[in-house]
Amino acid sequence: MTTPANHPLEGGCACGAVRYRLTAPPMIVHCCHCRDCQRQRGSAFAVNAVMEADRVERLAGGPMRNTLPTGSGRPLDDYVCRDCGTSVWADYGRRRVMLFVRVGTLVAPGCMLHDLHIFTPSGQRWALDGGARSPRMGVRESAPIGGATDPVTSRTANCASITNQQHTTGDPLLAA
Ligand SMILES: [Zn+2]
Ligand SMILES: [Zn+2]
């Protein structure tokens, strides 16, 4: 049986048609509180794992590009499942070399420890009271368990202890 603990860096869309694997740790993981992210995600902030594009391996499906307007005027190419519309990653500014993988689409998103919060002046106060305004801004809030010199280990070290609680029902990635 496939378990999140075995595949902490795999992810996909809501219907399971698009699946991917991260073959390297992200360069950085951020929570973006800008108004574009709030509007486009329909949420208080977006959580993105910033990846070198060639380190995002497509396992199944091909998300389609959906270009969104932004406040900066630079194009934002959002990549969504053709069937269910889930955004799995985005190319901000159409750089092509860097992808912002939507952390919530990972099999075990809790394994991806965030590094910092950005654009906090436009953040929703209720969302920031949980720690983003704390002096720890710019520092991971969860201390890695061992292996601190290995970025893969340190970013995923707590997976084994949390994945069982993370996935109780309905993850299409685990249904097969
Ligand atoms: Zn889908
Ligand atoms: Zn943003």
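Under 5 Å from the amide H of residue 107 lie the amide H atoms of 10, 11, 12, each residue being 5 or more positions distant or on a separate chain, with H modelled from the backbone and absent for Pro and chain starts. Per 10 Å bin from zero, what fraction in whole % of the C-alpha pairs of the range 1-66 is there, up to the bin with the longest pair? For the range 1-66, the binned pair fractions read 19, 41, 37, 4, 0 percent. Distances between placed amide hydrogens fall under 5 Å for residue 119 paired with 33, all partners being 5 or more residues away or on another chain.
Across the range 18-127, Cα-Cα pairs more than 25 Å apart make up 15 percent of the total.
No lab work stands behind these numbers, since they all come straight from the coordinates. Since the model is a prediction, treat every value here as computed from it, not as a measurement.
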